[in-house]
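Reviewing the structure listed below.
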Amino acid sequence: MSEVKLKTPQELALMRQSGKLLAQVFAYLDQHIRAGLSTMQINDLTERYIVDQLAARPASKGQYGFQYVLNSSVNHVVCHGVPSETQMLKAGDIVNIDITLEKNGFIADSSKMYLIDQVTPAARQLVDKTYEAMWAGIRVVKPGATLGDVGYAIQRHAQRHGYSVVRDYCGHGIGREMHEAPEVMHIGRPGQGLILREGMTFTIEPMINQGTARTSTQKDGWTVVTRDKQLSAQWEHTIAVTADGYEVLTLRAEEDTGQGAIQRLP
């Protein structure tokens, strides 16, 4: 991951196609995710839709030995939650669904929070403010800005509302490979870090906790949880640096530059 790969206009067009397909996956899941569904059922629905309906590849399956097409991170799970036939979504849960999709050799990566039935006001606020923090980072992306600017915007917004930012995991460059340079931290100092250039593509995916930023990995080797068992939330988009700013390659239909994207399920 030592060299940042700048994408050509032709490559960006292919990444844009992958991003639009991934947005369609979430639109499909919006109709299905509900209380009483297992996280494995969500995994299987997603795989069938990506393969059979979109003629694409679920890029996470087989990556680093992972057996599934998505991560399902419920409540105090920070990231990398493993789908399970016995983990049933229930009223009051918050769950992050994180999916990668490859089409024509290029990968898109995005995640979305779902609120199952009536959640607590504290849980809803965490999800809302995490979404806002992601967009705070996205909106500073432009040529000449730095990754420190991005991280600072996210960190400032989260901490202003009393939350902590996970430091153990970060965003990443993306393209033909799921993980390319650079690493995109969600904390930072203005003006520091890599200078952004047109053609860069990377994810912004802050993980924001109610309590401590410290995490632990469970025995399965994948599932990352908060040390204090308080709630965690995450949102993610794949971003391209354009000549005059940014393009969100995985933007979903319900989003309007960062508003109205939180899915609350009846």
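Things worth noting here:
- Distance between the C-alpha centres of region 78-100 and region 1-21: 29 Å, rounded to the whole angstrom.
- Spatially proximal lysines relative to residue 229 (Cα-Cα < 23 Å; intrachain offsets below 8 disregarded): 90, 112, 129, 219
- The chain - mean residue ellipticity at 222 nm from DSSP helices (-39,500 (n - 2.57) per run, n ≥ 4, rounded to 500): -8000 deg cm²/dmol
- Axial C-alpha extent at least 27 Å, average Kyte-Doolittle at least -1.0 - helices from the chain (DSSP): 9-30
- Calculated P(r) of the chain - Cα pairs past 29 Å, %: 24 percent
- Taking the chain and dividing mean pair separation by its residue count, relative contact order in percent (alpha carbons under 8 Å, at least six apart): 24 percent
- Cα-based reach from residue 5 at 21 Å (exclusive), listing lysines while leaving out same-chain residues under 8 positions away: 103, 142
- Between region 230-248 and region 139-182, the Cα center-to-center distance that results, in Å: 8 Å
Bear in mind these aren't lab numbers, they're just calculated from the coordinates by the rules spelled out. Please read these numbers as outputs of a predicted model, since none were measured by experiment.
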